[in-house]
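Please treat every number below as a calculation from the coordinates, not as lab data. Note that the structure is predicted; figures quoted are calculated from it, not measured. All Cβ positions, even for glycine, are placed from backbone atoms using ideal geometry, and neighbour counts span all protein chains on display.
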């Protein structure tokens, strides 16, 4: 699943790989008097990803970007079904008691960072597209 998702993530205009990549991007940035640099941090990102919404976004990306087909012969419906199973059947033990995680992506899963990135890219694109444009 991670091999498939890695083919459709990181293709947005504002994608940065890591903090070193971000620092390089910002190194020569000059912000004008009429401009603002805005940054957002997400608290507990993986466990706050809405799985159903993320799966909708992933399904749409799989339709739009066919590069993932180089690593599998699965159909889109099969990929989404396997991801749904992976993300909704997470169990863990705490103080001897067994629990099922009810929301978000599991910490430690190889697909969770990719699911979170894809969903955050979608949120970012939506925010940019719907932001009011003020003319000076």
Report, to the nearest 10°, how far helix 76-88 tilts away from the longest principal axis of the Cα atoms in the chain, using its own Cα long axis and a range of 0 to 90°.
-> 80
Residue 12 to residue 125: extension gain in nm, 0.36 nm per residue of separation minus the Cα-Cα distance?
-> 39.9 nm
Hey, fewest Cβ within 10 Å first, where do 133, 61, 20, 69 land in order?
-> 133, 20, 69, 61
For the residues 36, 107, 120, what sequence is obtained by ranking on other C-beta atoms within 10 Å, fewest first?
-> 36, 107, 120
quick shape note, the chain: Cα extents on principal axes in Å, largest first -> 56, 41, 29
Using distinct alpha-carbon pairs, which all enter the 1/r mean, Kirkwood radius of segment 1-68 in Å = 14.9
Treat each spin label as a single point 7 Å out from the Cα along the C-beta direction, and report the residue 40 to residue 82 distance in nm.
-> 3.1
In degrees, nearest ten, helix 112-130 long axis to first principal axis of the chain (Cα) = 40
If 19, 6 are placed from fewest to most neighbouring beta carbons inside 10 Å, the sequence is 19, 6
